[in-house]
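Chemist: Sharing a structure, written as structure tokens. Questions coming.
No value in this document is a laboratory result; all are computed from the given coordinates. Keep in mind it's a predicted model, so treat the numbers as computed, not measured. We place every Cβ from the backbone using ideal geometry, glycine too, and count neighbours over all the protein chains shown.
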Amino acid sequence: MEHDSTLYVGLDVHKDSITVAYALGSGEVEVLGKIGTTKADIERLCKRLQSKASRICVVYEAGPCGYGLYRQLVQKGFDCIVCAPSLIPRKPGERVKTDRRDAVKLVRSLRAGDLSAVYVPTVDDEAFRDLARAWVRYTGRADWGPAHRRWLSAFSFDSLWQQLAFDELRRTIEDRLAQCARLEAALREAVVNWRFYPVVLALQTMRGVQFTTAVGILAELGDLSRFAHPRQLMAWLGVTPCEHSSGDKRSQGSITKNGNSYARKLLIEAAWSYQHPARVSPEIQRRHEGIPKPIVDRAWDAQVRLCRRYRRLVARGKQKNIAVVAVARELSGFIWDISRLAMSLAIPREELTA
């Protein structure tokens, strides 16, 4: 039994099973087998791994199973990372994918240092993000406002069956809108006790960033201080162009779409508002009240620059969608800067309301 080498462990995690592979130091990769996902199963696995080495490094892919496994392994004293699935090195010719192969590949990539770790939020941040994600999102173009709902209620059909189906669908919409109202009320009550509450207030000084957008983006991004430069945030959001350059040739394509898709969706939705001329609406003015002047000034700088940026891109013949994505990329930089300002100025909670 060796205790002077590092044990590298790869876990291919699923809802009901975990496939485990490991390698001691630079030795051969071995498959330990498949285990369950209960706390007792993880406890038994930890004991087996601890008998093989004193230092243990574990990795598994980010996915729907969350970070509970990460926290359990860290409590046991293991070095654990949750890696980004889209950034795992893959050979072009690989066409066979199994749980065992995935676990073995994770071990080799971890040992080679080829994996990119994702940000693991705190328990409180993750709980707040779950509340924010409960917000109901519509994919249609209708705004479902009072006028639109009155217009829908005026419809009638000769067939009793058609009328019944229509009424049930309309009631479903009303139920979902009521759910949105309840969730927004819960978010407004909870956000006051969240550590990023000053940032939520500051981001709302920006055009296109209302309460639910600010909360949703921050719930997905977490602590923005982990990004040393706004370019890192842009890359994490997947709004930077992909590139294939060789020799003297440099070719850029569409955005990478790496990172958090929901945060990117909220960002691009906010960027659409910059297609109009820069101005401070009464609603934005209301959100400016009580906010420190440096933050308000920075939000205005963002609006002037991004509105001008959109007009110039469209004037050059760029499609509107492409122009908006370019604006969204720069908008993420302003979000990074305003978040930094908000935390440094430490807006007192008792002076401001959400």
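Chemist: Relative contact order for region 50-154: what is it in percent, counting Cα pairs under 8 Å that are at least 6 residues apart? If you can, show how the numbers build up before the last one.
Modeler: Working: 64 pairs, mean separation 25.9, N = 105.
Computed over region 50-154, the figure is 25 percent.
Chemist: Report the one residue of 215, 181, 246 whose Cα lies farthest in the direction of the positive end of the charge dipole of region 151-290 (charges on C-beta: Lys and Arg +1, Asp and Glu -1; origin at the Cα centre).
Modeler: Selected residue: 246.
Chemist: Continuing with this model, one more query. Expected output is a single nm value to one decimal: the length gained when fully extending between residue 90 and residue 315, i.e. 0.36 nm times separation in residues minus the C-alpha distance. What is it? Before the final figure, lay out the partial values.
Modeler: Numbers: separation 225, 0.36 × 225 = 81.00 nm, distance 4.05 nm.
Extra length available between residue 90 and residue 315 comes to 76.9 nm.
Chemist: Please compute the net charge surrounding residue 187, taking Lys and Arg as +1 and Asp and Glu as -1 over other residues with Cβ under 12 Å from its Cβ.
Modeler: Working: positive: 129, 133, 182, 188; negative: 130, 184, 189.
Around residue 187, the surrounding residues sum to +1.
Chemist: With the cut-off at 1.5 for a/c, could you classify region 188-315 from its C-alpha gyration tensor as rounded, prolate or oblate? Write out the running numbers ahead of the final one.
Modeler: Details: a/c = 2.30, a/b = 1.44, b/c = 1.60.
Cα axes put region 188-315 in the oblate bin.
Chemist: Please compare each pair in 39/265; 52/105; 265/318 to a cut-off of 32 Å on the Cα-Cα distance and tell me which ones are over it. Don't jump to the answer; show the numbers that get you there.
Modeler: Values: 39/265 35 Å; 52/105 20 Å; 265/318 20 Å.
Beyond 32 Å: 39/265.
Chemist: Run through the DSSP bridge list for the chain and note the antiparallel percent, rounded to the nearest 5. List each step's numbers first, then the result.
Modeler: Details: 18 of 29 bridges.
Approximately 60 percent, going by the DSSP bridge assignments.
Chemist: Let me spell out the model: positive unit charges on the Cβ of Lys and Arg, negative unit charges on the Cβ of Asp and Glu, origin at the Cα centre of the chain. What dipole size does that give, in debye rounded to 20?
Modeler: Working: 55 positive and 39 negative charges, 243 e Å.
So the dipole magnitude of the chain works out to roughly 1160 debye.
Chemist: In terms of Cα to Cα distance under 13 Å, which aspartates and glutamates are near enough to residue 293, apart from those fewer than 8 places away along the same chain?
Modeler: 301
Chemist: Among all helices in the chain defined by DSSP H, which have a length of 27 Å or more along the axis from Cα atoms plus a Kyte-Doolittle mean of at least -0.5? Please report the intermediate quantities before stating the final value.
Modeler: Numbers: long enough: 160-191 (46 Å, -0.25); 293-315 (33 Å, -0.55); 320-345 (36 Å, 0.86).
The answer, listed by residue number, is 160-191, 320-345.
Chemist: At R0 = 30 Å, how high is the FRET efficiency between residue 186 and residue 43 if r is their beta carbon distance? Nearest 0.05 is fine. Walk me through the numbers before you get to the answer.
Modeler: On the way: r = 35 Å, r/R0 = 1.17.
Plugging the Cβ-Cβ distance into 1/(1 + (r/R0)^6) gives 0.30.
Chemist: In addition: With charges set only on the Cβ (+1 for Lys and Arg, -1 for Asp and Glu), what does the dipole of region 194-321 come to about its Cα centre, in debye to the nearest 20?
Modeler: Working: 22 positive and 9 negative charges, 106 e Å.
Using Cβ point charges on Lys, Arg, Asp and Glu, region 194-321 gives about 500 debye.
Chemist: Where does the chain land at 222 nm, in deg cm²/dmol rounded to the nearest 500, when only DSSP H runs of n ≥ 4 count, each adding -39500 (n - 2.57), divided by all residues?
Modeler: Values: 13 runs with 178 residues, N = 354.
The per-residue figure over the chain is -16000 deg cm²/dmol.
Chemist: Mind sorting out which of (1) 73, 62, 49; (2) 62, 44, 33; (3) 88, 41, 33 is the real Cα extents along the principal axes in Å computed from the coordinates?
Modeler: (1)
Chemist: When a/c is below 1.5 the answer is rounded, else prolate if a/b is larger than b/c, else oblate, so apply that to region 41-140 with a ≥ b ≥ c taken from the square roots of the Cα gyration tensor eigenvalues. Could you put the intermediate results ahead of the total?
Modeler: Numbers: a/c = 2.29, a/b = 1.24, b/c = 1.85.
Note, shape of region 41-140 comes out oblate.
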